[in-house]
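Each remark here refers to the structure printed beneath this line.
The values are calculated or read from the model by the stated rules, or taken from the named source; none is laboratory data. Owing to the predicted nature of the structure, the values given are computational and were not obtained by experimental measurement. Backbone-built Cβ (ideal geometry, glycine too); neighbour counts: all protein chains shown.
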Amino acid sequence: MNPRLFSIAPLLLATVLAGCQQTAQEPTDVSVDLNQVKADLETLSQARVYFAHQSVGRNMLKGIEMLIAETGVPLHIEEVKDGVPASAGPGLFHANVGENGVADSKISAFVADVTTPGPSVYDVALLKFCYTDLSPEAEDQDPRALLERYESTVAGLRKQQPNLTVLHTTMPLRAEPPGWKTRVKRLIGKETISDRGNIMRGEYNELLRSKSSPAELFDVARLEATHVDGTLATFEANGREVELLAPEHTYDGGHLTDPAKRYFAADFLHALAEAVRQRPAAAETPTETPSAT
């Protein structure tokens, strides 16, 4: 028998026994400053925002609906479909864009929706990729190349619409599989099924963070990786710490629990509202095109 395995056998047994006694992770509430949420909703109720997303984005939109109900501050939320121009006036306009696992399809749809001729332009726009867009099964396997294509697209969009504020977002993460098998794999240095994808996403996110100021970044990955006690959920790979989705924020390893939807939505609303507040006065454009007389 391998001496190393023999020496850690008692630890493995203890890990297995502990894993057998584990209970399901209970959803955990995180406090939200409703006064700040109210102020952010009031700011956004006077602006036009476009949000391109997929499933975790739908989770956050559900959280926004919860916060609207709690604060009583109305915000027009409208889904944009098939390149049809959005209605005039302020609001949060959103669309499920592209195909999961094919990041370029989302980039193309994002540009098409933002530049579709309509009654008025957007003040702020953002594209959130999905955790499926960088994974062993995805079309993209190179985080740096994907970020370069995204940056090139944003640069072109800003030339076309110089008054548009583009807010960046990090890529969501996956949780490690629950249970004793993962605990054993961590102990003996083997990877789990979620590790390779999280390593790719982590590289993308670190590159994006290094190139973005806090004011132009909504860091959904850091929110996902932060435990309710403020520590980060990570694992070690290739000599560095890699973030993963904290188990208390998810019910299936990728999507958000109701408390997390609400908590993440509050942070999302604040990032959007700050982007609106920091727009230069010279760049402000009317939210409605005056009708001809």
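Identify all residues within segment 231-251 that are exposed (fewer than 15 other Cβ atoms within 10 Å of the Cβ) and at pLDDT 95 or above; write none if there are none. Within segment 231-251, THR231, LEU232, GLU241 qualify. Do you know which of the residues in segment 169-199 that are more than 18 Å from LEU256 (Cβ to Cβ) and in a loop (DSSP other than H, G, I, E, B) is modelled with the lowest pLDDT? Selected residue: GLY189.
Remark: pairs (first residue in segment 84-107, more than 24 Å from GLU65 (Cα to Cα); second residue in a loop (DSSP other than H, G, I, E, B) and of a type in the set (Phe, Trp, Tyr); Cβ separation under 7 Å; 6+ apart in sequence or on different chains) = ALA103/PHE129; LYS106/PHE129.
Filter segment 155-168 down to residues that are in a loop (DSSP other than H, G, I, E, B) and over 19 Å from the mean Cα position of the chain (by Cα) and give me whichever is nearest to HIS53 (Cα to Cα).
Of everything passing the filter in segment 155-168, LEU164 is nearest to HIS53 (Cα to Cα).
So that you can scan it fast, the table gives a plain yes or no per residue for (1) among the hydroxyl-bearing types (Ser, Thr, Tyr); (2) farther than 18 Å from LYS128 by Cα; (3) within 13 Å of the chain's Cα centre (by Cα):
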residue: VAL228; (1), (2), (3): no, yes, no
residue: GLU236; (1), (2), (3): no, yes, no
residue: LEU245; (1), (2), (3): no, no, yes
residue: GLY254; (1), (2), (3): no, no, yes
residue: ASP258; (1), (2), (3): no, yes, no
residue: TYR263; (1), (2), (3): yes, no, yes
residue: PHE268; (1), (2), (3): no, no, yes
residue: ALA271; (1), (2), (3): no, no, yes
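For segment 165-214, what are the residues that are of a type in the set (S, T, N, Q) and within 30 Å of VAL154 (Cβ to Cβ)? Hits for segment 165-214 are THR165, THR169, THR170, SER194, ASN198, ASN205, SER210, SER212, SER213.
Taking the stated definitions as given, is VAL184 in contact (Cβ under 8 Å) with a residue 60 or more places away in the chain and in contact with a Pro (Cβ under 8 Å, 6 or more places away or on another chain)?
Criteria not met by VAL184.
Sort out which residues of segment 250-277 are in contact with a strand residue (DSSP E or B) (Cβ under 8 Å, 6 or more places away or on another chain) and outside any helix (DSSP H, G or I), and write them in order of number. Correct list: THR250, LEU256, THR257. Of the residues GLY254, GLY202, the single one that is touching a residue at least 60 places away in the same chain (Cβ under 8 Å) and among the small types (Gly, Ala, Ser) is GLY254.
Against the criterion of being touching a strand residue (DSSP E or B) at 6+ places or on another chain (Cβ under 9 Å) and not in a loop (DSSP other than H, G, I, E, B), GLY202 qualifies. Those strands (runs of 3 or more DSSP E) of segment 62-154 in which at least 2 residues are surrounded by fewer than 19 Cβ atoms within 10 Å (Cβ to Cβ), considering only elements entirely within it, cover 77-79.
Could you grab me the full set of residues in segment 40-61 that are in a helix (DSSP H, G or I), closer than 18 Å to ASP123 by Cα and out of contact with any helix residue (DSSP H, G or I) (no Cβ under 7 Å at 6 or more places or on another chain)? Once the filter is applied, which keeps residues that are in a helix (DSSP H, G or I), closer than 18 Å to ASP123 by Cα and out of contact with any helix residue (DSSP H, G or I) (no Cβ under 7 Å at 6 or more places or on another chain), segment 40-61 yields only GLU42.
When THR165, THR116 are screened for being modelled with pLDDT of 90 or more and of a type in the set (S, T, N, Q), only THR165 passes.
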